[in-house]
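Chemist: Below you'll find the structure I mean.
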Amino acid sequence: MALPVSIIVPVYNCGTMFPLCLQSLREQSMTDFEVILVNNGSTDGSAEIARQTAREDCRFRVIDHLSGHAGTARNVGIAAAQGEYVAFVDGDDRLSSNYLSLLYQAACQKQADIALSSFRYYFLNTQQIKGGVSVPNRLYAKETALSLLLQDTKIKFYLWGKLFRRSLLTEHHISIPDMYYEDAVTTPKLFYFANAVVSVHDACYYYTRAFSKYTEVRMTAERANDYVNTVPLLRMFLEEQGCYAAYRRHLYHHVFHVYFALPSVVKQCANDTQLSVQENIRRARAKVRLCLRCAPQTLKTLDLNKPVVE
């Protein structure tokens, strides 16, 4: 018989928060789960901490996969998972002790393919918990849930903070891309194929950020290009499902966020680029406009691997 939940944790230089993350998993009030720790090349001692935890607690196991970003690590975890549901947890985040039990109970009671929770931010520079997103106790039809998700406000793109029925990934052959901002192009696919989504107000996920001001720690040209590519990748998926027209105005929220965030994003990676900041902003914004307005046939011909931020 399958386990209720498999928790997948990419392990890559998780830092000082990693032991606290593992401790919050070990202290879950729900005890029938497995934790798959996928080490994808840690050099800061995180891998040894993971192995020590696995030696102490048989619910934890370590898989070494020494290449790729977090998306690849999560795919490795999904392939090894035995749970009816899978949960993704980042190695520097923490969970409330009733997190799994509340989400799993809600998913079972409502027969929902996805359960999600409220979350709060933990800022390393101030060691304060504040902000985040609070969700109600509510059952959503998939159309409503996907509409809210695409707006990325009341329901966020993040893969963490949610339980997904594992069959959503396996039966629909959904693989998480090996890119930055992989959540934004993966979670909508899972919501599209879900029968229903339930949200739980009290179950809390604590998401660690470095700074209380919203600045990326390691912005690079690669990250900036992947950020731009979330627009065509999302539109292509909706076009393939024949529902782009139905969800276009909801997707515009994300498109506008990308478009107006690009000056800040490009400036943060200026030390990693050859072109001027203004030229990179112009090129990136032009690609966003093109991907939003062009015909579906044109969209399919675009080379998304060709960078516009250089």
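Chemist: Only four residue types carry charge here, +1 at the Cβ of Lys and Arg and -1 at the Cβ of Asp and Glu. Report the dipole size of the chain about the Cα centre in Debye, rounded to the nearest 20.
Modeler: 1060
Chemist: Let me ask something additional. Between the stretch 252-276 and the stretch 94-157, how far is it from one alpha carbon centroid to the other, in angstrom?
Modeler: About 28 Å separates the Cα centre of the stretch 252-276 from the one of the stretch 94-157.
Chemist: Given the options Ser264, Ser46, Ser117, state which has the largest fluctuation in a GNM of the chain using a 10 Å cut-off (strictly under) for Cα springs.
Modeler: Maximum fluctuation in the GNM of the chain, among the listed residues, is at Ser264.
Chemist: Quick one: helix 244-268 against the long Cα principal axis of the chain, what's the angle to the nearest 10°, folded into 0 to 90?
Modeler: Its long axis makes an angle of about 80 degrees.
Chemist: Return the distance in nm (one decimal) between the two label points of a simple spin-label model at Lys154 and Ser29, each offset 7 Å from Cα along Cα→Cβ.
Modeler: Taking the simple label geometry, Lys154 and Ser29 are separated by 2.7 nm.
Chemist: Here's another thing I want to ask about it. Would you mind checking the stretch 1-27 for residues with the amide N under 15 Å from a putative spin-label position 7 Å along Cα→C-beta of Ala80?
Modeler: 6-12
Chemist: Could you sort 180-186, 49-55 so that the peptide with the highest average Cβ count within 10 Å comes first and the rest follow in order?
Modeler: 180-186, 49-55
Chemist: Given R₀ = 25 Å, what would the calculated FRET efficiency be for Asn137 paired with Ser97, taking r from the Cβ atoms and rounding to 0.05?
Modeler: 0.85
Chemist: Which shape class, rounded, prolate or oblate, goes with the stretch 82-160 when its Cα gyration tensor gives a ≥ b ≥ c as root eigenvalues, a/c under 1.5 marks rounded, and past that a/b bigger than b/c marks prolate?
Modeler: oblate
Chemist: Right, here's the next one. I want the local charge near Val198. Using Cβ-Cβ distances under 12 Å, sum +1 for each Lys or Arg and -1 for each Asp or Glu among the other residues.
Modeler: Around Val198, the surrounding residues sum to +4.
Chemist: Additional query: Past 20 Å, Cα to Cα, is the threshold; run Lys189/Lys287; Lys130/Lys267; Lys154/Lys189; Lys130/Lys154; Lys156/Lys189 against it and keep the listed order.
Modeler: Lys189/Lys287; Lys130/Lys267
Chemist: Shifting gears a bit: Under 19 Å from a point 7 Å along the Cα-to-Cβ line of Cys108: which residues of the stretch 180-211 have their amide N that close?
Modeler: Taking a point 7 Å out along Cα→Cβ of Cys108, the residues of the stretch 180-211 whose backbone N falls under 19 Å are 196-204.
Chemist: Something else about it: Excluding same-chain residues fewer than 8 positions from Lys110, which aspartates and glutamates have a Cα within less than 17 Å of its Cα?
Modeler: Output for Lys110: Glu84, Glu143, Asp202.
Chemist: I'd like the Karplus ³J(HN,Hα) series for the stretch 119-132: coefficients 6.51, -1.76, 1.60, θ = phi - 60°, whole numbers in Hz, and an x wherever there's a Gly or Pro.
Modeler: 9, 10, 8, 10, 9, 5, 6, 10, 6, 10, 10, 6, x, x
Chemist: What percent antiparallel are the DSSP beta bridges of the chain, to the nearest 5?
Modeler: Bridges in the chain that DSSP calls antiparallel: roughly 35 percent.
Chemist: To the nearest 500 deg cm²/dmol, what mean residue ellipticity at 222 nm is calculated for the chain from DSSP H runs of n ≥ 4 alone, each contributing -39,500 (n - 2.57), summed and divided by the residues?
Modeler: Computed mean residue ellipticity for the chain: -14000 deg cm²/dmol.
Chemist: Name the residue from Gly242, Ala194, Tyr207 whose Cα lies farthest towards the positive end of the charge dipole of the stretch 175-310, charges +1 on Cβ of Lys and Arg and -1 on Cβ of Asp and Glu.
Modeler: Gly242
Chemist: For helix 182-193, report the angle its Cα long axis makes with the longest principal axis of the Cα atoms of the chain; keep it between 0 and 90° and round to the nearest 10°.
Modeler: The angle comes out near 70 degrees.
Chemist: Still on this structure, I have one more. Compute the acute angle (0 to 90°) between the alpha-carbon long axis of helix 46-56 and the principal axis of greatest extent of the alpha-carbon atoms of the chain; round to the nearest 10°.
Modeler: Tilt relative to the chain: about 30 degrees.
Chemist: Can you compute the FRET efficiency between Leu66 and Thr220 using 1/(1 + (r/R0)^6), with r the Cβ-Cβ distance and R0 = 25 Å? Round to the nearest 0.05.
Modeler: 0.75
Chemist: A further question follows. Using the charge dipole of the chain (Lys, Arg: +1 at Cβ; Asp, Glu: -1 at Cβ; taken about the Cα centre), state which of His173, Val133, Phe18 has its Cα farthest towards the positive end.
Modeler: Toward the positive end, the furthest listed residue is Val133.
Chemist: Moving to a separate point now. Work out, step by step, the length gained on full extension between Gln128 and Asn305: first 0.36 nm times the residue separation, then minus their alpha carbon distance; give nm to one decimal.
Modeler: The Gln128-Asn305 span can extend by a further 59.8 nm.
Chemist: Going by amide H atoms built from the backbone, whose H comes under 5 Å of the H on Ile63, apart from near neighbours?
Modeler: Close amide H contacts, sequence-distant or interchain: Leu37, Val38, Asn39.
Chemist: Quick one: length gained pulling Asp57 to Thr298 fully straight, 0.36 nm per residue minus the C-alpha distance?
Modeler: 81.5 nm
Chemist: With only Lys, Arg, Asp and Glu charged, each at its Cβ (+1 for the first two, -1 for the last two), find how big the charge dipole of the stretch 13-122 is about the Cα centre; round to the nearest 20 debye.
Modeler: The dipole magnitude comes to about 120 debye.
Chemist: Could I ask something else about it? Given a cut-off of under 8 Å on Cα pairs at least six residues apart, what relative contact order in percent is computed for the chain?
Modeler: Relative contact order here is 18 percent.
Values in this text are rule-based calculations from the coordinates and carry no lab data. Just so it is clear, the structure is predicted and the values come from calculations on it, not from any experiment. Because the Cβ atoms are built from the backbone with ideal geometry, glycine has one as well, and the counts that use them run over all protein chains shown.
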